[in-house]
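*Asks:* Structure below; questions to follow.
What follows draws every value from the coordinates through simple rules; no lab data is involved. Computed from a predicted model, the values in this text were never measured in an experiment. Cβ placement follows ideal geometry from the backbone for every residue including glycine, while neighbour counts extend to all protein chains displayed.
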Amino acid sequence: MKLDMTPVLNKRMSVLDFEFTLTPETVEGACDISEEIELTSPIRVLGKITDINGYMTLKAEVSVSYDTVCDRCLAPLSDELTFDFERTVAMNAASVEDCDGDDIIWIKEGKVDFDADVIEELSLELPIYHLCSEDCPGLCSVCGKKLDGECKCADKKEIDPRLEIFKKLLENSEK
Ligand SMILES: [Zn+2]
Ligand SMILES: [Zn+2]
């Protein structure tokens with residue numbers, strides 16, 4: 001979304017509030033989000049640009065819902081992500097001391113457009129590892145079924161090897 005900075009640039013306002021939603025498909029130059037993640041809501045962006053004597057900062061809260069799968073058992077799961085997005089807003093390179101371009105949103109023709117930056121930050125903030133539960137046991141390496149219940153491999157073993165040791169100890173002690 002293009003945000004009109006005119007009220008701030010004309011010094012009529014020192015705080016510009018904004019709220020909008022976006023979807024990666026509609027953003028030109030948006031980076032890719034992990035293939036394992038499927039966004040299930042538009043990306044919500046809520047924040048403000050504050051001008052303190054010409055030094056402008058943008059602070060926003062970004063939130064989105066998504067579907068993915070458990071990395072251990074492949075069960076589908078849904079999650080939400082909320083993160084803070086902060087940038088410096090500047091007219092031209094001369095007005096900022098640190099010209100590390102990634103953290104700066106440039107004003108072009110009186111407007112700022114940081115949709116692609118939000119999506120890039122989102123792709124970095126998304127967890128790379130998801131679990132359906134903290135103690136997900138994962139899948140059995142023998143039958144490929146989930147270890148808590150569906151896998152019956154353990155039942156097929158006649159005697160648990162740990163019990164076998166106790167059995168021998170018991171036999172020895174009786175002698
Ligand atoms: Zn799992
Ligand atoms: Zn199994």
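*Asks:* When Lys and Arg each count +1 and Asp and Glu each count -1, what net charge do the other residues less than 10 Å away from T57, Cβ to Cβ, add up to?
*Replies:* +1
*Asks:* Return the long-range amide H neighbours of M5 (sequence gap of 5 or more, or a different chain), with a cut-off of under 5 Å between placed amide H atoms.
*Replies:* Placed amide hydrogens put K111, V112 under 5 Å from M5.
*Asks:* Now, a different point. Take the Cβ-Cβ distance between A75 and E19 as r, set R0 to 41 Å, and report the resulting FRET efficiency rounded to the nearest 0.05.
*Replies:* Efficiency, rounded to the nearest 0.05: 0.75.
*Asks:* Can you compute 3J(HN,Hα) from phi for each residue in the stretch 3-19, using the Karplus curve 6.51 cos²θ - 1.76 cosθ + 1.60 with θ = phi - 60°, rounded to whole Hz and x for Gly and Pro?
*Replies:* 3J(HN,Hα) across the stretch 3-19, in whole Hz: 9, 6, 8, 3, x, 6, 5, 7, 6, 7, 9, 9, 10, 10, 7, 8, 7.
*Asks:* Just to check I understand the Karplus step: with θ = phi - 60° and J = 6.51 cos²θ - 1.76 cosθ + 1.60, what whole-Hz values come out for the stretch 24-40, glycine and proline as x?
*Replies:* In residue order, the calculated couplings are x, 4, 9, 9, 5, x, 6, 6, 6, 9, 2, 5, 7, 10, 10, 5, 10 Hz.
*Asks:* Here is a further query. Given H placed 1.01 Å from N in the peptide plane, which residues other than close sequence neighbours of I105 have an amide H under 5 Å from its amide H?
*Replies:* Amide H to amide H, under 5 Å and 5 or more residues apart or across chains, I105 pairs with T88, V89, A90.
*Asks:* If you project the alpha carbons of the stretch 3-125 onto the principal axes, what extent comes out on each, in Å, largest first?
*Replies:* Principal extents (largest minus smallest coordinate, Cα): 55, 25, 22 Å.
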